[in-house]
Amino acid sequence: MTSTDQADRRLFWLMLLFAFVVIGAGIGLRDPWPSDEPRFTLVAKQMVESGDWLFPHRGSELYSDKPPMLMWLEAASYTVLRSWRVAFLLPSLLAALGCVLLLYDLGRRLWNRRVGFFAGMALLMCFQFVYQVKRAQIDPLVVFFITAANYGLLRHTLLGPNWRMYWLGCFCAGLGVITKGVGVLALLMLIPYAFASRMRWQGVAPMGEGAWWRWLLGLPAILLAIALWLVPMLLTAQARSGENPAYMAYVNDILFHQTAGRYAHAWHHVHSPVYYIPILLFSWLPLSLTYPGTLPRWWRALKARDARVLLPLGWMVLLLLFFSASPGKRDVYILPAVPMLALVTAPFLEDLLTSRWLRRSGLAFTGLLGAILLLLGIYALAAHPRFAMNLATSRGFEEGENALWWMCVTIGVLQLAMVALFGMRRAALAVVGGMTALWLVWSFWAYPLLNDSSSSAGLMRDVRARLGPGDDIGLIDWTEQNLLMIGRPAIDFGFKQPTRKQYAAGVQWQAQAPATRWLFAQDAAIGDCVQRDKAIDLGHANRRQWWLFKTDAVIPGCMPAKDDNLPVDPENAEQ
C-alpha cells in the first residue's frame, strides 16, 4: 500500500468520525421537539405499548398522514435500547451516516478515494442537511433511501452492467415510497441515462443486446418493497373495517389524499414556482459557495460528454422541476438533491480549494456568521430588547434566558477564532471548524437549555406533580408532546376533532367522577367557560397558555364561542 493510499484511508476514517461526532452530538440530551418529532415518537411509543405496529395511532385516533417506516424504526430502536431519548434520533443518525458512506463509495468508484472523501465532506458542509439529520423527522430517512436508490442506479448505468445493483436501487426506491411516498423519484435518473446512452456519452455502461427484460424486473423490485407494508395493511384494514370503518378511511387517506391529492391540490405551504431558489443559495451554505466554480466546470464536463456529471446533475434538475410544479412547497422536499450535489461537486473541490476567491468566500461566510451571532448575543444581553423578552415569555423561561444569548456569543467568538487561527491559507479548515463549533455548541448547550420548554417536559412534569395517585386526566386541544411526555395514563377526546367537540366530551367525562378527574387544556380552547380563579395556571409552553382544572371551575352549560382547532397541516404544524 502506497503512502497516498494510506493517507486516503486515514481521510476516510477522519470523515466518518467527523460525521458521527457532528451528527451524533447531543443524542440523549433532549426529548422530541416540535413540530414533527413528538408526533412520530408518540406513534412509535403507542406501537410498543399496544403491540399494533401496522396501524399507527396518535392518541385514540388512527394516524394516516405518513407511512409508518420511521415510526417502526424508532419503535425497534427503543425495543433494543430502552431509552426514547436515544431511540428517537437513532434512525436519523444511521440514515445520515449511510448517505455519507454511499457518497464516499460512489466518488471512489467513479473517480478516486480523494473524490469520495470530498463528496462526504461536501455533504456535511450543507447546513440544511446537517440540521435535518440532527432531527427525528421522516426526511433524513427518505433522503437515505433515495440516495441508496441512486447509488444502485449509478453503479449499474455508469459502472455496469450490474443488474443486481439496478434491482437493489429499485427496491430502495420502493422503501422510499413506504417512507414518504416520493422514493420513486429516484427513477428519474433513468431519463438522463437514456439520453446519455442514446447519444453515446463517455462513461455510460453498455447493456448489451436483449437486456430489455432485465429492465422490466425493476418494477417487481419496487412493488416488492411497497408490498412489505401495503399488503398486510390492506388485508388487516379489510378485516377490521366491519367493526370500525375508520380503518378504510385510513386506507383512503394515506393512499390517495396524502399523496396525489397533496401534490396536485396542496392545501398548505403554497408558494411561487421560484420558491426553491433561495433554498439552493442560502439553506445549502457553505456548500453553495462553490457554485461560481462548479457551474463552469459542470458545463465543460457536459461539453466533454461526461456521463458521470450528466446523470446526477440531470436528476437534480428533474427533481427541482417536479417539486416546483406543485403549488405546495417546503424546503425539505428538495433535500434528497443535496447528496447528488455533493457528488458532482466533489471532483472539482480539490482544485477549487486552491482558488483565492473561494477561500475568501469561506472566510467571509464564517466571519460574517460569527459577527452576526456575537453582536446579536451582546445586544440581547445588554439592551434586553422586546424580541428577547417575547422569546423568553413564549418559551416559558423563568430563569436562564440569558444563557441562550451567551450561547450565541460563544458560537460567534468561536467562528471568529477559526478565521483568525486558520487564515487565508487554510480557509477550508476555518469553514469546517466554524461549522463544527456551531453544531457542537448548539447540541451540548441548546439541547439541555431548551428541552423543558420545547418538549413540554417541564410543563408535563408540573402536571404530574399536581395529580394525586388516584387522579385521572383528560386532554383538550392538546399537542403530541403533551401526551408523549405526560408519563402516566391519560384520556384524549380526539386530535383532529373540533375544539368545541373535545371540550364538550371532556366536561361530560369529568362530570362522571368530579372528585378525581382533571382536564388539561389550552387557554384558547376553554374560552370564558372556565373560571380562571378556580383553575391552575400552568404558564406558557410551546407558545401557548395552559390550564389544569376540576369540575368546580367549569361554568355549567357554557360552550367556548370560538373553535380554534381548525384543520392544520399535520406535516409541519408548529407545536
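The values are calculated or read from the model by the stated rules, or taken from the named source; none is laboratory data. Everything numeric in this text was worked out from a predicted model, so none of it was measured. Positions of Cβ are backbone-derived with ideal geometry, glycine not excepted, and every protein chain shown enters the neighbour counts. Just so you know, the surface numbers come from the protein's heavy atoms only, side chains and all, with ligands and any DNA or RNA stripped out. Shrake-Rupley method; radii C 1.70, N 1.55, O 1.52, S 1.80 Å.
The share of alpha-carbon pairs in segment 295-423 lying farther apart than 19 Å comes to 68%.
Extending 7 Å from the Cα toward the beta-carbon at both residue 54 and residue 552 defines two label points whose distance is 4.9 nm. The tail of the calculated P(r) for segment 307-356, taken as Cα-Cα distances beyond 19 Å, holds 38 percent of the pairs. Ranking 5, 528 by solvent-accessible area of protein heavy atoms (1.4 Å probe, all protein chains present), from largest to smallest, gives 528, 5. Take the Cβ atoms of residue 270 and residue 7, set R0 to 41 Å, and the FRET efficiency comes out at 0.20. Counting only lysines at least 8 places from residue 66 when in the same chain, those with an alpha carbon closer than 25 Å to its own are 45, 134, 180, 329, 496. For residue 517, the residues 5 or more places off, or on other chains, whose built amide H falls under 5 Å of its own are 472. Compute the acute angle (0 to 90°) between the alpha-carbon long axis of helix 37-50 and the principal axis of greatest extent of the alpha-carbon atoms of the chain; round to the nearest 10°. Approximately 70 degrees, to the nearest 10. Amide H contacts for residue 541 (H built 1.01 Å from N in the peptide plane; partners 5 or more residues away or on another chain; cut-off under 5 Å): 546.
Rg and Dmax, both from the Cα atoms of the chain and both in Å, are 26.0, 84.
Accessible surface of the chain, 1.4 Å probe: 64 percent of it comes from carbon and sulfur atoms. Computed over all pairs of different Cα atoms, the Kirkwood value for the hydrodynamic radius of segment 75-230 is 16.6 Å. Largest accessible area first, the residues 57, 156 order themselves as 57, 156 under a 1.4 Å probe with ligands, DNA and RNA left out. Just to confirm the number: angle between the C-alpha axis of helix 90-110 and the first principal axis of the chain, 0 to 90 degrees, nearest 10? For 90-110 against the chain, the angle is about 10 degrees.
Annotation: per residue accessible area for the chain equals 43 Å², rounded to a whole number [probe 1.4 Å, protein chains only]. Calculated mean residue ellipticity at 222 nm for the chain: -19000 deg cm²/dmol, from DSSP H runs with n ≥ 4 weighted as -39500 (n - 2.57), summed, divided by the residue count and rounded to 500. Taking the longest Cα principal axis of the chain as reference, the axis of helix 337-352 is set at about 40 degrees.
For residue 391 and residue 524, a Förster radius of 22 Å and the Cβ-Cβ distance give a FRET efficiency of 0.60, rounded to the nearest 0.05.
Mind running the shape call on segment 1-130? Use the C-alpha gyration tensor, a ≥ b ≥ c as the square roots of the eigenvalues: rounded below 1.5 for a/c, prolate if a/b tops b/c, oblate otherwise. Because a/c hits 1.5 or more and a/b exceeds b/c, segment 1-130 counts as prolate.
Take the chain and mark each of the GluC sites (Glu not before Pro) that is in a DSSP loop with at most 16 other Cβ atoms within 10 Å; the longest unmarked stretch, sites excluded, is 1-208.
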